[in-house]
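Written out below as structure tokens is the structure these notes cover.
The values are calculated or read from the model by the stated rules, or taken from the named source; none is laboratory data. Computed from a predicted model, the values in this text were never measured in an experiment. FYI the Cβ positions are ideal-geometry reconstructions off the backbone, even for glycines, and counts take in every protein chain you see. The accessibility values were calculated without ligands, DNA or RNA, using every heavy atom of the protein model including side chains. Shrake-Rupley method; radii C 1.70, N 1.55, O 1.52, S 1.80 Å.
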Amino acid sequence: MRGTPAAARVCILAAVVCAACCALPALRPEATVPWRTAALLAALCLACEAVGRRFDPGSVRTGAGSFLPLLPAAAFLLPPPAAALVAAVASLAGRVDRPPFAARRTWRAAQLALACWAASWTHTLLGGPATLGGAATPDFPYALLPVGAAALTFSLVLTALDCLILAAAEGQPVRRSWRTLLPRALGPHLVHALAGLMMAVLWRSSYGPLSALFVLLPMYISCWVFAQYHREDTAHRATIRALVQAVDIKDTYTRGHSERVGRASVLIARELGMDPGRLEALRFAGILHDVGKLGVPTRVLRKDGPLTPDERRVMELHPEYGHEIVRSIGFLDEARAAILHHHERLDGTGYPYGLSGASIPESARIVAVADAFDAMTSTRSYRRARPVPAALAELRRCAGSQFDPRMVRALVRALDRHGWSGADTAVTADETGAGAGVGAGVPTARGQHRRPARDRRPAPDRSP
């Protein structure tokens, strides 16, 4: 356990002592433990872990091993000490992905042993074993009550121990960890408990333990399907992250801008009542709206002075470059239209195609408002960030000519409800060496000729 913080070592030692106290009564000579059932369950756990190692399901890591769905069955079929023993044996043989390996394996074994003991104790206390049947018919639906209570106990104990070790090892606040971990744990543990109930009923029936294995097959097929989905989703996010990092490297002045535009786009879309699938597409669109800058020469992106007419024409091609870059990425779907048209204006004076009104895709109108809002509330090299109320006032002033009023109103409502953290408005300067006396309006593109103060129309923002 070298390198493990002292507080974490104390937690691990205390958990091991408690787990030993829970499991050791099963080894007493007078204990009545169905050792055949315990041995079969332990062997199944080890077999599931071996299969999990051989056929790695991708990037999915449960932190408990491939045997986790079997632990509820152990809690329902065995006395609490024997259930804790099975969980500890399976955990000690399980895979650990990160160092310190010994500390993690020991902690996981003690943690699952305690959680399984508590679940089995709850199930027994509520009369669960008597409802599983055997020679008699299982007592449904009453059997669901002790099973649900056992699943809840398992989740609570596991989450409490996770919060404890995170606080000791990494200094994470217990309350924040609890709010994050418990909702994620309840659903999967309840599903596993129902599968464990089916296994226990079949195990105790006249068909015997072999029939219980058929419960595992559809569950592990479902886990495999979910793993494939998770792997694909991870690949999608990695693709987007790589594109954004490439843009940030090429134009470091807009770092962080894309992520904030993505978040603001989701706020607007959620306020408009869009379904979750579209929310994800809008988030991708906001994050990738600048990706076309990869096709713009670096000398144009980083030019200190005004752009020439030819350079400006090159700069105004970046939405089309972005569309070409992402056109072959199938999962982006609606995001492609937003990337292509987010510089169109409602009055038809935008680019690249001069679309107007409803002919501009809805996603592009959302990203345009989110983009302009973040540009105004971010610190630039030529001016400080505007306060959120001032930025919203400017958006309202330009609604109907440059921006869709419906999108502006949705952003205002969303910010009234959720706010906008100042920590999210880091420096994203899109103009180096620019003067401070810039006229009001949406921040202009770096190097573009400034419009005089009397011309209050916002100039196009080159960075988005």
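A few comments on the model shown:
- Over segment 208-248, the Kirkwood radius and the radius of gyration, each from Cα atoms, give a ratio Rg/Rh of 1.43.
- Sequence-separation-based contact order of segment 104-190, relative, with Cα cut under 8 Å and 6+ spacing, percent: 29 percent
- Average silhouette area of segment 185-240, convex hull of alpha-carbon atoms, in square nanometres: 4.4 nm²
- Database remark: amide H of Leu317 closer than 5 angstrom to no amide H (H placed geometrically; neighbours at sequence offset of 5 or more, or on other chains; Pro and chain starts carry no H).
- Accessible area in square angstrom per residue, segment 119-161, 1.4 angstrom probe: 45 Å²
- More than 13 angstrom apart: percent of Cα pairs within segment 359-420: 60 percent
- Global form of segment 148-188, assessed from the alpha-carbon gyration tensor, a/c cut-off 1.5: prolate
- Furthest towards positive pole of dipole, Ala393, Ala375, Ala364, structure part segment 341-413, Cβ charges: Ala393
- Our compactness index for segment 276-355, the C-alpha radius of gyration over the empirical 2.2 N^0.38 Å, is 1.17.
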